[in-house]
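Chemist: One structure, as structure tokens, below. Some questions next.
Laboratory data are not the source of any read-out in this text; all were calculated from the coordinates shown. A quick note: this is a predicted structure, and the numbers were derived from the prediction, not measured. Reconstructed Cβ throughout: ideal geometry from the backbone, glycine too, with neighbour counts over all protein chains shown.
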């Protein structure tokens, strides 16, 4: 079975695809790549998953044997913190053991080069080629220095906040750490800013407290919503296992979709903080962001799915905000990597600065710019369904969906079918899990649901017939 990097590194089921010897092969290939680039410094760390701490230590020692001077995270560490350390220390790259939001059976390796953002396709293809050819790095005498990386990150991240907004605000937050690396970091920053924080699932747990899918989306934040209502908090926030993804619940216990939070944040950063620059979103993210950007005279850039594409736009410069529907964002000047901790801090700042909850703020946004309804459905990708999707949607295009004419096609990532009235449905194959992801957008929830129901029913029928 060949090792292939997806939208965010190489991931696999532990002891099936993700094994110790295969990890060493990947590390060796990364070492060859960095040696060819003339880089000999590296940051190594990982999240709270099974074997992440052990593999971090083993890989740090292995890389030192190839002449690398390695900064090893002291304990589990968020993805954005590792990226921050790489940039701050001027290192050649990051080896990060994480499978982000994947189920507990998974682990993975994410490699980031010197800029701290995800490696691009050319770099991951080169690593894959070196794995296949079993090229070996040159031996050398390096070193391993173990360090707590959270402190430097916590000190620097407040530079992206208006800390004065927090003073005397009476901020009261419930934070679901999802048994992950954000615990003890995000809550500490909020408390230092003057907030009151209740933490759920604070203990590091590779089983994610029994969560099958540790993703801070709407289905994963039900307990958070209940606790926001019960405690009278003005905000609920969540981060996934490696704290690169965010989830937000408003003062009414209602989940705030990234499709709505991103344009709300953009409007705040421009109107209140005086920011300017491009807005960047993935193709699966709702177009309300485009409307807000256009209102403020800003350009919108649309990318394929995966923060490596959004991060690449940030590296070009001139980007104000980059975000995606799966709960990832970054802002101007910060690492070109998604940062769930920063997202939650910015949500708290918006509440403090206005003295109003996000739910109330969204009502104003929808009144001024209209509303779009976007949803995603994930379907297990059996081989027969994969073939059906490729033949019926990738190799050819249906003339209509649920009785709606297909008027154009966008192949930025997967296949996005644009229908009359601007509604669309997008089908893509996940780059991190054996899933087909189906997205639909409409100005009405009823129309959106009809589109999703029709596609999912057709896909279920194909799987059942097999």
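Chemist: For residue 316, project a label point 7 Å along Cα to C-beta. Then give me every residue of region 90-131 with its amide nitrogen under 14 Å of that point.
Modeler: Residues passing the 14 Å test: none.
Chemist: What FRET efficiency do you get for residue 367 and residue 212 if R0 is 60 Å and r is their Cβ-Cβ distance, rounded to the nearest 0.05?
Modeler: 0.95
Chemist: Tell me the mean residue ellipticity at 222 nm calculated for the chain from its helices only (DSSP H runs of n ≥ 4, each -39500 (n - 2.57), averaged over every residue, nearest 500).
Modeler: Mean residue ellipticity, 222 nm, calculated: -11000 deg cm²/dmol.
Chemist: Moving to a separate point now. Once you have a ≥ b ≥ c as the square roots of the Cα gyration tensor eigenvalues for region 97-180, tell me rounded if a/c is under 1.5, and otherwise prolate or oblate according to whether a/b is larger than b/c.
Modeler: prolate
Chemist: By how many nm would the segment from residue 296 to residue 4 grow when fully extended, if each residue of separation counts as 0.36 nm and the alpha-carbon distance is taken off?
Modeler: Taking 0.36 nm per residue and subtracting the Cα distance, the gain is 101.0 nm.
Chemist: Work out the FRET efficiency for residue 412 and residue 141 from their Cβ-Cβ distance, taking R0 = 60 Å, and round it to the nearest 0.05.
Modeler: Step by step, r from the Cβ atoms, then E = 0.80.
Chemist: Using a Förster radius of 56 Å, what is the FRET efficiency between residue 382 and residue 158 based on their Cβ-Cβ separation? Nearest 0.05, please.
Modeler: 0.70
Chemist: Dividing the Cα convex hull volume of region 26-183 by residue count, how many Å³ per residue is that?
Modeler: 121
Chemist: So, one more: Two decimals is fine: what's Rg over Rh for region 412-466, C-alpha atoms, Kirkwood radius as Rh?
Modeler: A ratio of 1.00.
Chemist: At 25 °C and 0.890 mPa s, grab the translational diffusion coefficient of region 373-465 from Stokes-Einstein with a Kirkwood Rh over Cα pairs, rounded to a whole number in µm² per second.
Modeler: The calculation lands on 186 µm²/s.
Chemist: Extension gain residue 444-residue 400, at 0.36 nm per residue separation less the Cα-Cα distance, in nm?
Modeler: 14.0 nm
Chemist: So if I average 1/r over every pair of distinct C-alpha atoms in the chain and take the inverse, what Kirkwood radius in Å does that give?
Modeler: About 22.7 Å, per the Kirkwood formula over Cα pairs.
Chemist: Let me ask something else. Report the gain in length on full extension from residue 74 to residue 13: 0.36 nm times residue separation, minus Cα-Cα distance, nm rounded to one decimal.
Modeler: Contour length minus the Cα-Cα distance gives 19.4 nm.
Chemist: For residue 360, put the label point 7 Å out on the Cα→Cβ axis and report which residues of region 147-186 keep their amide N under 11 Å from it.
Modeler: Counting only backbone N, you get no residues.
Chemist: Now, a different point. Write down the percent of antiparallel bridges among all DSSP beta bridges whose residues are both part of the chain, to the nearest 5.
Modeler: Antiparallel bridges make up about 55 percent of those DSSP assigns within the chain.
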